[in-house]
Amino acid sequence: MVQPLPDSQLVYAGWYDDQKQLVQFFGRIPSDRLLISGGFDTIKTDSKVWLRQVTLPVYQNGLLIGYLQAAMPMTATERALAEFRMVLAISAPITLAVVALTGWWLGGLAMQPIRHNYDHLQRFTADASHELRSPLTAIISNAQYGFLSKSTDLEVQHQRFQKIFDIAKSMSILVNNLLFLARYQGQLPTESLQVIELNHLLVQITDDYATQPDAQHLSLVCKLPNNRITVLGDANLLRQIVLNLLNNACKYTPAGGQVKLQLFTQSHWAVIEIIDNGIGIPKADLPYIFERFYRVDKKRSRQTGGFGLGLAIVQQIVQSHGGKITIKSVFQEGTILQIALPLK
Ligand code: ATP
Ligand code: MG
């Protein structure tokens, strides 16, 4: 072990002549480690102690007269290093674990909407395939029966073709609805919007719809304000909204009932309401009513020929106009569909 000089941090100090020969030395010479290289050196003694050694040339009147050498122990630095190593050994795994856990949690959080959309898309594809498969099977079986049957009865054959025609027509409506949903995603471009006077549009639609077989069994009323209410929109799409909602109201209101269409303003919104006193929707079904292919009573809708896409289309059009849609319904009492569009 190298002995430090008394009352000093120095382990040793030495004086060398200009030929680098040792002249005087204080402390214990660490034998073979004695080197005179000039400047700073870090050396390890035989007893495994690290030293920092400095050797400086000394000049007198510009002439080199010798070298002064001193060494100090590096115990303080070594201790600090050891402490630092220990802190690193403890904190690095903890930090890594925290980072990994946070990453895992954030990843899960970011995946949630993607998983939701994926599930939604999967359900939609399954529903669409199912809706298309049933009529296709019916077309195939009707066509096969027509070919294989030896019947020469023209009336029977005509019925078969009529059935195929009806099914194909309903398939075409379904495909059009699906295309519609795929096409009108997001906000409409402003250049495709026109100024639409809703009073005029609603009168036109009600007059046209009143002559439809759907509306014959009930009273169809249209209540409009005296002032003109205008919005920015696509006339065909807005017509589609009102037609879909009138279609539902008439379809799901028994004979003798009433369907009322009204228009008014509320702060900076133009509000269209379609109110019926029909069969209503059970409370448990209301949260899902705007989902694609959702039908309250599948059997009932099948009889009325619905696919469960009408409200999904309405919601998408309303959103593409920057509007809002709300539904209030009491089972077996009636339904109110409210659409709010930003006033021009
Ligand atoms: P589609 O509109 O595609 O022909 P649909 O009318 O069955 O079929 P939606 O318009 O989306 O589909 O309506 C979804 C379901 O909501 C309907 O099946 C029906 O059960 C219920 N519903 C919608 N409007 C009314 C209403 N005014 N009164 C009672 N039930 C309604
Ligand atoms: Mg409908």
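The values are calculated or read from the model by the stated rules, or taken from the named source; none is laboratory data. Predicted model only: the values in this text are computed from it and were never measured. All Cβ positions, glycine included, derive from the backbone under ideal geometry; neighbour counts span all protein chains shown. These area figures cover heavy atoms from the full protein model, side chains too; ligands, DNA and RNA do not enter into them. Shrake-Rupley method; radii C 1.70, N 1.55, O 1.52, S 1.80 Å.
Express as a percent, rounded to the nearest 5, the fraction of DSSP beta bridges in segment 192-304 (both residues included) that run antiparallel.
70 percent
Roughly what angle does helix 75-148 make with the longest principal axis of the chain, taking Cα atoms, 0 to 90 degrees, to the nearest 10?
Tilt relative to the chain: about 20 degrees.
Please identify, among Asn61, Asn117, Asn142, the residue showing maximal mean-square fluctuation in a Gaussian network model of the chain using a 10 angstrom Cα cutoff.
Maximum among the listed residues: Asn61.
Could you tell me the relative contact order of the chain? Use alpha-carbon pairs under 8 Å, at least six residues apart, and round to a whole percent.
11 percent
Could you work out the local net charge near Gln24, counting Lys and Arg as +1, Asp and Glu as -1, over the other residues with Cβ closer than 15 Å to its Cβ?
Net of charged neighbours comes to 0.
Of the cross-linked pairs Lys251/Lys283; Lys251/Lys324; Lys163/Lys283; Lys223/Lys344; Lys169/Lys324, which ones have a Cα-Cα span greater than 27 Å in the structure shown?
Working: Lys251/Lys283 19 Å; Lys251/Lys324 23 Å; Lys163/Lys283 37 Å; Lys223/Lys344 21 Å; Lys169/Lys324 32 Å.
Over 27 Å apart, Cα to Cα: Lys163/Lys283; Lys169/Lys324.
Taking the 0 to 90 degree range and rounding to the nearest ten, how far is the long axis of helix 310-320 tilted relative to the main principal axis of the chain, both from C-alpha atoms?
With rounding to tens, the tilt is 50 degrees.
Could you give P(r) for segment 56-135, binned at 5 Å from zero, as whole percent values over all Cα-Cα pairs?
Final binned percentages: 3, 10, 7, 7, 6, 7, 6, 6, 6, 6, 5, 5, 4, 4, 4, 3, 3, 2, 2, 2, 1, 1, 0.
Return the carbon/sulfur percentage of the accessible area of the chain, one whole number, probe 1.4 Å, all protein chains in place.
60 percent
Determine the sum of side-chain charges near Leu193: Lys and Arg each +1, Asp and Glu each -1, restricted to other residues whose C-beta is under 13 angstrom from that of Leu193.
Result for the neighbourhood of Leu193: -1.
Can you find, among Ser129, Phe26, Ala215, the residue farthest towards the positive end of the dipole of the chain? Put +1 on the C-beta of Lys and Arg, -1 on that of Asp and Glu.
Ala215
With the convex hull built on the Cα atoms of segment 87-226, state its orientation-averaged projected area in nm².
Reported value for the Cα convex hull: 20.5 nm².
May I have the pair-distance distribution P(r) for segment 12-73, computed from all Cα-Cα distances with 5 Å bins from 0 and rounded to whole percent?
Distribution as computed: 4, 18, 31, 24, 13, 6, 2, 1, 0 percent.
Taking Cα atoms of segment 109-183, Rg/Rh with Kirkwood Rh, to two decimals?
Answer for segment 109-183: 1.25.
In segment 196-281, which trypsin sites (Lys or Arg not before Pro) fall in coil by DSSP and have 10 or fewer other Cβ atoms within 10 Å?
Listed in order of number, the matching sites are Arg228.
Rounded to the nearest whole Å², what accessible area per residue is found for the chain with the 1.4 Å probe?
Accessible area per residue: 63 Å².
If you average 1/r across every pair of different Cα atoms in the chain and take the reciprocal, what Kirkwood value do you get, in Å?
After inverting the mean inverse Cα-Cα distance, the result is 28.6 Å.
Near Gln159, within a Cβ-to-Cβ distance under 13 Å, what is the net charge of the other residues, with Lys and Arg +1 and Asp and Glu -1?
Net charge around Gln159: -1.
Please compute the Kirkwood hydrodynamic radius over segment 190-342, one decimal place, Å, based on all pairs of different Cα atoms.
Final number for the Kirkwood radius of segment 190-342 is 15.7 Å.
For segment 287-297, in order, what is each residue's ³J(HN,Hα) by Karplus, 6.51 cos²θ - 1.76 cosθ + 1.60 with θ = phi - 60°, in whole Hz (x at glycine and Pro)?
After applying 6.51 cos²θ - 1.76 cosθ + 1.60, I find x, 9, 5, 8, 6, 5, 6, 7, 10, 5, 10 Hz.
For the chain, what is the mean residue ellipticity at 222 nm derived from helices alone (per DSSP H run of n ≥ 4: -39500 (n - 2.57); sum divided by total residues; nearest 500 deg cm²/dmol)? Walk me through the intermediate numbers first.
Numbers: 6 runs with 152 residues, N = 344.
Dividing the helical sum by the residues of the chain leaves -15500 deg cm²/dmol.
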